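Participant: Okay, here's the structure, questions in a sec.
The values are calculated or read from the model by the stated rules, or taken from the named source; none is laboratory data. Predicted, not measured: the structure shown is a model, and the values here were computed from it. Every residue, glycine as well, gets a Cβ built from its backbone with ideal geometry; the counts of neighbours run over all protein chains shown.
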Amino acid sequence: MKEISYPIKEFFYSIQGEGYYYGTAAYFIRFEGCNIRCSWCDTKESWNIKKENFITINQILNNINNNHHQIKTIVITGGEPTMWNLHPLIKKLKKKGHRIHIETSGSYPIKEKYVDWITISPKKIKLPLQENYKKINELKIIISDENDFIFAEEQAYYVQSVTNCFLFLQPEWNSIFNVLPKIISYVKKNPKWRISFQMHKILNVP
């Protein structure tokens, strides 16, 4: 039987720079392939799928075991990781005692079994599936102009019945100095929201 493999752009052990768990150590597995391709994306190199970058689950596990015995949290990101059947990989990672976080646009079905934390960052051009709103722990909206606040509230409406779903507004990196004062003002008026930064960029964390 052929081993299951995935297109992986990169692995790296670093600090989570965004959202609820910012400032904590995590091992990132970045998948290739994206169905949305935002113009302001800072990981455009992960959009395209390359045959030579497919690696097996055992290779992924060996990379973690050989280099980072202290790892607890693993963040599966992209690209768009939910384009792929993650269940076999996540099941084996959980058996190793890891905590699993997924970062996604929510535009594909999320098989939440064994997943400890789901972050959805919705995109206007392809909205999350309605079923996914009930599963998330963290809703993160990227703000690049004032119209994005309207979109943020539209998205927050779908998670208002979800217990302990944290709401974040995050400035788009290239517009940060323009939109940050507006986000600060908005959060002060609407305290259900929190501010998220790409702290790893500010601190120059690799």
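Participant: Is there any pair linking a residue in the stretch 159-182 that is in contact (Cβ under 8 Å) with a residue 24 or more places away in the chain to one that is of a type in the set (Ser, Thr, Tyr) and assigned to a helix (DSSP H, G or I), with Cβ under 6 Å and at least six apart or on different chains, and which?
Facilitator: Close Cβ pairs (under 6 Å, with a partner that is of a type in the set (Ser, Thr, Tyr) and assigned to a helix (DSSP H, G or I)) amount to Val159/Tyr133.
Participant: Tally the residues that are more than 25 Å from Ser107 (Cβ to Cβ) and among the aliphatic types (A, V, I, L, M), restricting the search to the stretch 149-194. Show your work before the answer.
Facilitator: Of the stretch 149-194, the ones more than 25 Å from Ser107 (Cβ to Cβ) are 176-178, 180-182, 184-191.
Restricting the remaining residues to those that are among the aliphatic types (A, V, I, L, M) gives 176, 180, 184, 187.
Result for the stretch 149-194: 4.
For every residue, the table says whether it meets (1) farther than 30 Å from Pro88 by Cβ; (2) at pLDDT 95 or above; (3) of a type outside the set (A, V, I, L, M).
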site: Pro122; (1), (2), (3): no, yes, yes
site: Lys140; (1), (2), (3): no, yes, yes
site: Phe151; (1), (2), (3): yes, yes, yes
site: Asn164; (1), (2), (3): no, no, yes
site: Ile195; (1), (2), (3): yes, yes, no
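Participant: Right, something else. Just for the stretch 132-151: of the residues that are acidic (Asp, Glu) and surrounded by 17 or more Cβ atoms within 10 Å (Cβ to Cβ), which one is farthest from Ser175 (Cα to Cα)? Working first, answer last.
Facilitator: In the first step, residues of the stretch 132-151 are kept if they are acidic (Asp, Glu); the result is 138, 145-146, 148.
Those left that are additionally surrounded by 17 or more Cβ atoms within 10 Å (Cβ to Cβ): 138, 148.
Details: Glu138: 22, Asp148: 13 Å.
Of everything passing the filter in the stretch 132-151, Glu138 is farthest from Ser175 (Cα to Cα).
Participant: Please go through (1) part of a helix (DSSP H, G or I); (2) in contact with a Lys or Arg (Cβ under 8 Å, 6 or more places away or on another chain); (3) closer than 21 Å to Asn35 by Cβ for Ile118 and return the number of the only condition it doesn't satisfy.
Facilitator: Every listed condition holds for Ile118 apart from (1).
Participant: Here is a follow-up. Filter the stretch 146-174 down to the residues that are touching a strand residue (DSSP E or B) at 6+ places or on another chain (Cβ under 8 Å) and assigned to a helix (DSSP H, G or I), then identify the one that is farthest from Thr43 (Cα to Cα). Let's see the steps before the verdict.
Facilitator: Restricting attention to the stretch 146-174, the residues satisfying the condition of being touching a strand residue (DSSP E or B) at 6+ places or on another chain (Cβ under 8 Å) are 148-149, 151-152, 155-156, 159, 165-172.
Next, from what is left, pick out any that are assigned to a helix (DSSP H, G or I): 148-149, 151-152, 155-156.
On the way: Asp148: 21, Phe149: 24, Phe151: 23, Ala152: 22, Gln155: 24, Ala156: 26 Å.
The extreme case among them is Ala156.
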